[in-house]
Amino acid sequence: DWPGAPDAAFFLAEWLQRTGRLEDAQRRYAAIETKWPGTPQALAARRGGASVAIMAHAWSRAEALSRALPVADEADRVLREELLDRIERGRRFDFWYRVSWILLIGCVLALIASLAEAGLRGGWRRPSLKPPVEVYFLLPIGAVLVGVALTTHRAVAPAVFALSIGGLVLAWVSGITLELLRLHRRAIGVRAAINVMLCLVAVGALVYIVLTHDNLLDMMIETVRFGPDP
């Protein structure tokens with residue numbers, strides 16, 4: 001092997017990691033450790049393998065690789081602790097991500113059931129697809145937020161767009177449900193309170209989902225810890 005082979009192999013593994021080809025990057029890092037053991041590149045490859053496992057949410061493998069890292073000085077210890085902290089935080093994020101999906105689906109189903117009950121009870125009435133007042137109120141707000149996100153920070157624009165659409169749909173379903181209750185001359189106070197609660201929980205769950213899915217939650221935490229990029 002020519003002297004620069006380990007560096008070239010490590011550069012390729014890093015490039016694969018940056019471009020999102022995590023399985024290929026993991027194999028390259030493992031190959032570097034096997035082919036050039038005891039070299040600085042092998043140690044860097046082990047750290048890279050732990051980082052790739054974190055990106056892939058392979059928490060058990062990431063923890064095993066992180067704990068196997070040698071600690072020769074304080075910098076090594078800090079690096080290993082930082083990796084373990086990322087793993088612990090990632091596991092928490094994954095848990096609440098699943099919980100948020102359950103809450104979101106449950107709230108949407110409850111709103112649909114509420115709409116069906118409002119249409120069926122007292123004689124069938126087809127829900128009007130005309131946007132309720134809530135939608136007319138929220139639509140310009142959502143449009144402004146999406147526009148601001150697109151012009152100031154494109155990384156958050158997809159999340160803002162998803163939240164705006166989700167909020168509009170929830171408000172639409174809730175609004176036409178209450179309109180059906182009015183047509184049937186039924187009280188809407190309790191139902192309105194329930195719908196508001198369901199919408200708030202659903203929006204909260206949706207916020208967590210989009211922030212976690214787009215890795216924005218990690219970005220926010222890093223910004224709080226270390227400050228914004230210069």
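Only the coordinates and a few stated rules stand behind these numbers; no lab work does. Since we're looking at a predicted model, the values are computed, not measured. Methodologically, a virtual Cβ is constructed for each residue, glycine included, from the backbone with ideal geometry; neighbour enumeration extends over all protein chains shown.
Observations on the structure shown:
- Cα-derived Rg to Rh of the range 5-70, Kirkwood definition: 0.94
- Angstrom value of the Kirkwood radius, inverse mean 1/r, which spans all Cα pairs in the range 95-226: 16.1
- Per residue convex hull volume, Cα atoms of the chain, in Å³: 166
- Dividing the helix sum by the residues of the chain, where each DSSP H run of 4 or more adds -39500 (n - 2.57), gives a mean residue ellipticity at 222 nm of -27500 deg cm²/dmol.
- As a calculated quantity, the FRET efficiency between E74 and D218 at R0 = 22 Å, using C-beta atoms, amounts to about 0.30.
- Size estimate for the range 53-159 follows the Kirkwood approach: the inverse of mean 1/r over distinct Cα pairs works out to 19.0 Å.
- For the range 5-70, averaging the sequence separation of C-alpha pairs within contact (under 8 Å, six or more residues apart) and dividing by the residue count gives a relative contact order of 26 percent.
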